[in-house]
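The values are calculated or read from the model by the stated rules, or taken from the named source; none is laboratory data. In this text the structure is predicted, and so the values were computed from the model without any measurement. Don't worry about glycine lacking a Cβ; one is built from the backbone with ideal geometry, like all the others, and counts go over all protein chains shown. Remember, those area values only see protein heavy atoms, side chains included, never the ligands or the DNA or RNA. Shrake-Rupley method; radii C 1.70, N 1.55, O 1.52, S 1.80 Å.
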Amino acid sequence: MPGTSRAGAAAVLLAGAAVLLVFRHAPAADNRWGADYFPNVALTTQDGRSVRFYDDLLKGKSVAINVIFTDCKDVCPLETANLVQLQRLLGDKVGKDIYFYSISIDPARDTPEVLKAYAEKFGAGGPGWLFLTGKPDDIKLITRKLGLIRARDAPTSRESHHAAYLMLGIEATGLWTRKHAVDNPRFLAATMGTFFGWKEAQPQASYAEARPLTIKDGQRLFQSRCSACHTIGQGDRTGPDLLGVTARRERAWLNRYISDPEQVLAAGDPIATALYNKYKKVGMPNLRLSSSEVNELLSYLEARSNAPREKAPAKQSARTH
């Protein structure tokens, strides 16, 4: 970015610009993105504990931060379910090498009790992952400083359609970057390994070495929109295993439910109601798919369900040949 200083460029990043630039500041004393930049306002965790945003949550830590609100019917459930998968991949790094923070942008509704119940629905939280609420003005200031909410958004409104950003940062060096919270968890784990400099992170192949991918639309939609909550033949996650779903349910019903799950549930549909109650009252988010995308997704699920399943490898005999 010609004519832009390092300090200016990083300020643009943290203010939420589309161009993402990151800079490493060698001496911690010269870190412009420390105590003088981030507010040290009080927040409350899902367990009712009061913490200071800078002193307790950022200072000297590596962090991954996103924003949610528990009544969200769109991207928030996908973000949370995806981060649960990411947490499992990272294992004991979470709470030691990296800290997750999910900040509510609807603090009036999202009390500590509500946040705790929300986290439990998804199997989220545990050591190293806090769900946070606070005063509306303080939340607004934090989210704008982090670049998680754009200036035209209403960060404390339940109607806010925020982007699914995941801000990664190393407070001690002033290095920050922004990713998408709904990216493939394995991709996020590899990216974080490189960004945070974890020793066991595997080197990633260059673009020149990468082989061209042939991914059909249905597969792409499943991987990007569904795989955080569902599997095909590997058991339930946040939602049901989708193996054979096109045989269990009528195609017309699946089309209606995927297109507008909230409306189907609100109408008292017995299948939608049973699923909602069985899976801890986590409603299916509205994926906002077109009719052609819904058909592509269902065709992919049908093809995967009908494909021959791999047999488990046979156990080897203990005899020596």
Q: Give me the Debye-computed log₁₀ of I(q)/I(0) at q = 0.14, 0.21, 0.27 Å⁻¹ for the range 66-114, equal point scatterers on Cα only, no solvent, two decimals.
A: -0.40, -0.80, -1.02
**Q.** In nm, spacing of pseudo-spin labels at ASP260 and ASP137 (7 Å Cα→C-beta vector)
**A.** 4.1 nm
Q: Report, as a whole number in µm² per second, the diffusion coefficient that Stokes-Einstein gives for the range 89-133 at 37 °C and 0.692 mPa s using the Kirkwood radius over alpha carbon pairs.
A: 297 µm²/s
Q. If you build the Cα gyration tensor of the range 216-284 and take the root of 5 times each eigenvalue, what three semi-axes come out, in whole angstrom, biggest first?
A. 19, 14, 12
Q) Hey, if you drop one equal point scatterer on each alpha-carbon of the range 28-128 and run the Debye formula without solvent, what base-10 log of I(q)/I(0) do you get at q = 0.12, 0.16 Å⁻¹? A) -0.42, -0.74
(Q) Please report the carbon-and-sulfur percent of the accessible area for the range 244-305; probe 1.4 Å, protein heavy atoms only, DNA, RNA and ligands left out. (A) 51 percent
Q: For LEU289 and ARG88, compute 0.36 nm times the residue count separating them, minus their Cα-Cα distance, and round to one decimal in nm.
A: 69.5 nm
Q. Taking square-rooted eigenvalues a ≥ b ≥ c of the alpha carbon gyration tensor, is the range 244-294 rounded, prolate or oblate, where a/c under 1.5 means rounded and, failing that, a/b exceeding b/c means prolate?
A. oblate
Q: Indicate the gyration tensor shape class of the range 269-309 (rounded, prolate or oblate), computed on the Cα atoms with a ≥ b ≥ c the square roots of the eigenvalues: a/c under 1.5 is rounded; otherwise a/b larger than b/c is prolate and the rest oblate.
A: oblate
Q: State the answer as a single residue: which of LEU90, VAL67, THR111 lies farthest towards the positive end of the charge dipole of the range 66-118, with beta carbon charges of +1 for Lys and Arg and -1 for Asp and Glu, about the Cα centre.
A: LEU90
(Q) Suppose the chain between PHE187 and ALA252 were pulled fully straight at 0.36 nm per residue; how much longer would it get relative to their current alpha carbon spacing? (A) 20.0 nm
